[in-house]
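Report on one structure; see the data block that follows.
Here, each number is a calculation from the coordinates, and none is a lab measurement. Keep in mind it's a predicted model, so treat the numbers as computed, not measured. Cβ atoms come from the backbone with ideal geometry, glycine included; neighbour counts cover every protein chain shown.
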Amino acid sequence: MLRFDDRVAIVTGAGHGLGRSHALLLAERGAKVVVNDLGGALDGTGASTGPAADVVELITKNGGQAVANADNVATPEGARAIVQAAVDAFGKVDIVVNNAGILRDKSFGKMTVEDFDGVLAVHVRGSYLVSQAAYPLMKAAGYGRIVNTSSPAGLFGNFGQANYSTAKMGLVGLTKTLGIEGARNGIKANAIAPIAWTRMTEALLPSEFEAKFTPERVSALVAYLVHETCEASGEVFSVGGGRVARVFVAEGPGWKTDDLTPEAVAGNWEAIMAEQPYVLTAADSMKAML
Ligand code: NAD
């Protein structure tokens, strides 16, 4: 059994849905958990200490250890306070699960700059800020596990979610670079692109999805990714309904010439669009151009 005794975890947005489920599972398996949640509405407005406190009460009732925190992941002060809560209560931070998220769906033409910036602030800035506040502690310990929460909407696009898709693909870039930079300090970072029945999706998914797409079926992967035995880093995983799959950003074999013209591009479109054999790293992409 993969356990987390003596490990300290921060789970952001853990008052509801996926984060709540991640926090409950990690605590059940011995982790000391900071349950962070701003407690606002789905669009990020409002705030309440209730959701985080309720989850801590449940963990404690089940014999686990947790503290509640209702700071905002999207501000530097909030992120620092979340990490400080872990240090004050448990002395360190081993695990950060960046899960907090909001939605402000609008078709692209109608999207306001507030809708765009607000969504990026929670997902991208929030993940960056909380991870960065914990980073010096992880570096000093030579150990850390970070999970960022992407989305199929970011990986593949989705109508009405230009802000959310941008944020969620941004987290793929953050995860990949953190995976590279963290390697020398024992810090591993991965991302998940989940599907689960939560308040965020209950109005969007067919009702028969509720029983199959449980948050618990996402948390199992998160727990593996933040365990000390996990070797993966810089990876992205699609997860939902009991299925887990690697998602990878790949570059096709391409087509090249010393005399590239717009007409040459048009005339060789099929070869340019080919998918196999692919390369997976910037170094291999550069090699293929030489
Ligand atoms: P949810 O609304 O139940 O949970 C999100 C939580 O984040 C809420 O409890 C909310 O209060 C909290 N939160 C929002 N802004 C915050 C802030 N600034 N600081 C701290 N906490 C904040 O939704 P969920 O479905 O559990 O979503 C969890 C994560 O998974 C999100 O990042 C979401 O984008 C992502 N996701 C979910 C699905 C899905 O199918 N449910 C799919 C793809 C991605």
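Suppose we look only past 11 Å in the calculated P(r) of the stretch 115-156. What percent of the Cα-Cα pairs does that tail hold? In whole percent, the share of Cα-Cα pairs in the stretch 115-156 beyond 11 Å is 70.
Between LEU290 and ILE180, the FRET efficiency estimated from the beta carbon spacing at R0 = 25 angstrom works out to 0.70. Rounded to the nearest 20, the size of the Cβ-charge dipole of the stretch 208-290 about its Cα centre is 240 debye, with Lys and Arg at +1 and Asp and Glu at -1. Remark: for residue pairs LYS110/LYS139; LYS188/LYS212; LYS106/LYS212; LYS92/LYS176; LYS106/LYS176; LYS32/LYS176, the C-alpha separation exceeds 32 Å in LYS110/LYS139. Protection proxy ranking for 113-123, 241-251, using the average of other Cβ atoms within 10 Å per residue and placing the highest first: 113-123, 241-251. Counting only Cβ charges, +1 for Lys and Arg and -1 for Asp and Glu, the dipole size of the chain around its Cα centre is about 580 debye. The charge dipole of the stretch 1-151, taken about its Cα centre with unit charges on the Cβ of Lys, Arg, Asp and Glu (plus for the first two, minus for the last two), comes to roughly 400 debye. When both the stretch 51-72 and the stretch 186-248 are represented by their alpha-carbon centers, they are found 22 Å apart.
Counting only DSSP beta bridges whose two residues both lie in the chain, roughly 20 percent are antiparallel. Considering only Cα atoms, the convex hull volume of the chain works out to 157 Å³ per residue.
On the basis of the beta-carbon distance and an R0 of 35 Å, GLU202 and ALA283 show a calculated FRET efficiency of 0.20.
Ratio of the stretch 1-65's C-alpha Rg to 2.2 N^0.38 Å, to two decimals?
Details: Rg = 11.8 Å, N = 65, 2.2 N^0.38 = 10.7 Å.
Rg over 2.2 N^0.38 Å, computed on Cα atoms: 1.10.
Of the residues VAL222, LEU171, ALA282, the one whose Cα sits farthest toward the positive end of the charge dipole of the chain, with +1 on the Cβ of Lys and Arg and -1 on the Cβ of Asp and Glu, is VAL222. Between the amide H of ILE146 and those of VAL96, LYS188, ALA189, ASN190, distances stay under 5 Å, these residues lying 5 or more places away or on another chain, with hydrogens modeled in the peptide plane.
The residue list GLN65, GLY19, PRO51 was ranked by how far each Cα lies along the charge dipole of the stretch 1-79 toward its positive end, using unit charges on Cβ atoms, and GLN65 comes out on top. In the chain, helices alone account for a calculated mean residue ellipticity at 222 nm of -12500 deg cm²/dmol, with every DSSP H run of four or more residues adding -39,500 (n - 2.57). When the P(r) is computed for the stretch 114-237, the part past 22 Å accounts for 39% of the Cα-Cα pairs. Size estimate for the stretch 70-183 follows the Kirkwood approach: the inverse of mean 1/r over distinct Cα pairs works out to 14.7 Å. The value given for the stretch 173-290 is a Kirkwood hydrodynamic radius of 17.4 Å, derived from the mean inverse Cα-Cα separation.
Look at the dipole of the stretch 61-218 built from charges on Cβ: of VAL130, ALA140, PRO206, the Cα furthest out on the positive end belongs to ALA140.
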